[in-house]
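Trainee: Please find one structure pasted underneath; my questions will follow.
The values are calculated or read from the model by the stated rules, or taken from the named source; none is laboratory data. Keep in mind it's a predicted model, so treat the numbers as computed, not measured. Quick reminder, even Gly has a Cβ in these numbers, built from the backbone with ideal geometry, and neighbours come from all protein chains shown. Please note that ligands, DNA and RNA were not included when accessible areas were found on the heavy atoms of the full protein model with its side chains. Shrake-Rupley method; radii C 1.70, N 1.55, O 1.52, S 1.80 Å.
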Amino acid sequence: MGIYDRDYNRGGEYGSAPGVHLNGPRSMVTTLILVNIAVYVAQLLSDNWITNQFLLPYNWYQAPWNVYRLLTYGFLHSPGDMWHIVLNMWALWLFGKDVEARYGSREFLAFYLLAIIAAGAIWTLAEIPSAQPAVVLGASGGIAAVLVLYALNFPHRMMLFMFV
């Protein structure tokens, strides 16, 4: 028996460890986290140029060519507040991995992207009456949808908050 034939060295149940993996096959949740981190680093390095080009303003619909912003705002995070991206990505990892395991990578990605678009559209509809200049950025809308889907699929799962 060689070292590669041993149970602890095999892939699958025996050889894969939980968490974020940078090598080998990657889950869609891990890929989304890495993309969000890469975009955040690019935001920091671009001196707010990327942030200004891809966030979602309250009146984006007045210039129809800005429809791409309904998706791109979901990958931006507040450059001045690192906790914004940390907490969003932690929630995505915490709830997204189980949802992805239930539905598969492709369906999870489609759901997540459509949730970001829907959250941006709902935010826009809520901002139209106020007519106050406002912008939105962040993955919170998509993550909230993942959290709702998680709760619907795993209603009896116990979550501990601060070890309680």
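Trainee: I need the semi-axes of the equivalent ellipsoid of segment 123-164: take the C-alpha gyration tensor, multiply each eigenvalue by 5, square-root it, list largest first in whole angstrom. Let's see the in-between values first.
Mentor: Details: eigenvalues 205, 33, 15 Å².
Over the Cα atoms of segment 123-164, the semi-axes work out to 32, 13, 9 Å.
Trainee: What whole-number value in Å² describes the accessible area per residue of segment 49-136 for a 1.4 Å probe?
Mentor: Working: 4980 Å² over 88 residues.
Dividing the accessible area of segment 49-136 by its residue count gives 57 Å².
Trainee: Once amide H atoms are placed 1.01 Å from N in the peptide plane, what residues at a sequence separation of 5 or more from Val136, or on another chain, have their amide H within under 5 Å of its amide H?
Mentor: Leu56
Trainee: If I compute solvent accessible area with a 1.4 Å probe over the protein chains, what percent of it on segment 44-164 is carbon and sulfur? Display every interim value, and only then the final one.
Mentor: Details: 5240 of 7500 Å².
Solvent-exposed carbon and sulfur of segment 44-164 make up 70 percent of the total.
Trainee: Right, next: Residues with beta-carbon under 14 Å from that of Gln62, excluding Gln62: net charge, scoring Lys, Arg +1 and Asp, Glu -1?
Mentor: Working: positive: Arg69; negative: Glu127.
Every neighbour counted, the sum reads 0.
Trainee: At 1.4 Å probe size, what's the solvent-accessible area of Leu94? Round to the nearest 10 Å².
Mentor: 40
Trainee: Can you order the peptides 135-146, 35-46 by their average number of other Cβ atoms within 10 Å per residue, highest first?
Mentor: Packing proxy ranking, top to bottom: 135-146, 35-46.
Trainee: A further question follows. How big is the accessible area of Leu113 in square angstrom, nearest 10, if you roll a 1.4 angstrom probe over the protein chains?
Mentor: About 50 Å², ignoring ligands and nucleic acids.
Trainee: Ordering His156, His84 by accessible area with a probe of 1.4 Å, largest first, what comes out?
Mentor: Working: His156 175, His84 40 Å².
Descending order: His156, His84.
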